[in-house]
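Let me begin by presenting the structure, written as structure tokens, before commenting on it.
The values are calculated or read from the model by the stated rules, or taken from the named source; none is laboratory data. All values derive from a computational prediction rather than experimental measurement. Ideal geometry is used to build each Cβ from the backbone, glycine not excepted, and the neighbour counts take in all protein chains shown. Quick note on the areas: whole protein, heavy atoms, side chains included, nothing else; ligands and nucleic acids left out. Shrake-Rupley method; radii C 1.70, N 1.55, O 1.52, S 1.80 Å.
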2 protein chains.
Amino acid sequence: MGRTNQKQAKDRHHEILEAAAKVITDRGLAETRISDIAERCGVSPGLILYYFESKDRLLVEALTAANDQFYLRLSRELRRTRSAREQLDRLVELSVPGLLPEYSFLEEWALWVEIWVLALRDPAMKKEHEVLNRRWRQSIADVIRHGRSTGEFPEGQDADELAVQVGALVDGLAIQVLMDSSDVTPEHMLRACQEACGKLLGFAVEPA
Amino acid sequence: MGRTNQKQAKDRHHEILEAAAKVITDRGLAETRISDIAERCGVSPGLILYYFESKDRLLVEALTAANDQFYLRLSRELRRTRSAREQLDRLVELSVPGLLPEYSFLEEWALWVEIWVLALRDPAMKKEHEVLNRRWRQSIADVIRHGRSTGEFPEGQDADELAVQVGALVDGLAIQVLMDSSDVTPEHMLRACQEACGKLLGFAVEPA
């Protein structure tokens, strides 16, 4: 394949994943047909199945692509500040569904919930989830270690273990926001995360 | 309807919900047909639709029934102890998927994840989720208030707000256990919850 064809194939691949993410977010995986995605990006269903063997595979690849975007953005933001407290704030802000208008994570979160349903009973999906989830915990643990090296966070409990707790807190609060934003608004989640992170990691948070 | 008929109808209703919970947990909502549930409890699909108007309705009712069992058990356990620390431990233990062999919550958790998918884009499901979720937060807040009245937990942040944080932590950790029990085992979740609750609520937890 020539370079132009390779680029075209890569663009096409990317377009299909974007369309898949949109359709799955709008309708839910159960109500999504390969033909809906094909229609949205103007290709044949056969071409989609040529790139991705199944709807489940398409979901995994779409979530991975959305997740890559998240980490690309996160690493860019984290490079801008050396303060671990600010890095942690930024990591949390980027994770709150619908907090940042210019960068909606509703789509990525919707794909996560769909993966949870599949992974409940599919070992291959469990593996896919594990890979994505370890990256999430690793990012949190890195910020914690950085904060200890700068003296912003006290030494104490194992950073990887704390990352499990912080990661779970963010996931659990995000579900609340996605489900029921009258009880837990994005701003409420942000504040709750900051306060809880202060207590879990052992630093003082200024009153709101 | 005579008393015997009413009882029969109630039993039938209950049997259908139990069968629905089992089939949805095994296959996932998307792969569940009303006829699968009908077959499992030996009734006609028509009778199921007579009691429950749709598959989604059946899911909500099945989760509500499983959730009622959880609270029945929880309130029985909480009555046995006056210590808020022990009550909190018990609340957490009962929530860890697969921790207590005699009482598996895998089923209830699987139904929760299915509700999350539906509620992402269905306002009626969001409402159903809200009702169930408020009961969960209320139970946690009640234990926190009790612990303050006994002096086991220090006064401080609003109990309802802390209940949001503790509830989110339990939900987020449960997802980890359900998805990936090699990284986060039920015992790991129990310990992580106890430690994190100690920090969030301000009491000392003995080292493992």
Within the stretch B:114-148, tally of residues that are within 17 Å of the chain's Cα centre (by Cα) and small (G, A, S): 3
Residue list for the stretch B:130-148, filter: in contact (Cβ under 8 Å) with a residue 60 or more places away in the chain and not charged (D, E, K, R): B:L132, B:S139, B:V143, B:I144, B:H146, B:G147
Selected residue [open to solvent by less than 30 Å² (accessible area, probe 1.4 Å) and within 14 Å of chain A (Cβ to nearest Cβ)] from B:L17, B:L29: B:L29
Residue list for the stretch B:174-200, restricted to those being open to solvent by less than 30 Å² (accessible area, probe 1.4 Å), within 9 Å of another protein chain (Cβ to nearest Cβ) and in a helix (DSSP H, G or I): B:A174, B:I175, B:Q176, B:L178, B:M179, B:M189, B:A192, B:C193, B:A196, B:L200
Qualifying residue in the stretch A:85-94 (condition: without any contact (Cβ under 8 Å) to a residue 12 or more places away in the chain, surrounded by fewer than 17 Cβ atoms within 10 Å (Cβ to Cβ) and closer than 21 Å to A:A163 by Cα): yes
Selected residue [among the small types (G, A, S), out of contact with any strand residue (DSSP E or B) (no Cβ under 6 Å at 6 or more places or on another chain) and either under 30 Å from B:Q138 (Cβ atoms) or surrounded by fewer than 16 Cβ atoms within 10 Å (Cβ to Cβ) (or both)] from A:A141, A:A159, A:A124: A:A124
Helices (runs of 4 or more DSSP H) wholly inside the stretch A:65-152 that include at least 1 residues being over 20 Å from A:A21 (Cα atoms): A:84-95, A:123-149
Residue in the stretch A:60-70 that is among the charged types (D, E, K, R) and at pLDDT 90 or above present: yes
Pair list, Cβ < 7 Å and 6+ apart or interchain, from the stretch B:45-68 residues that are aromatic (F, W, Y) to residues that are crowded, with 16+ Cβ neighbours inside 10 Å and part of a helix (DSSP H, G or I): B:Y51/B:I16; B:F52/B:L58; B:F52/B:E61
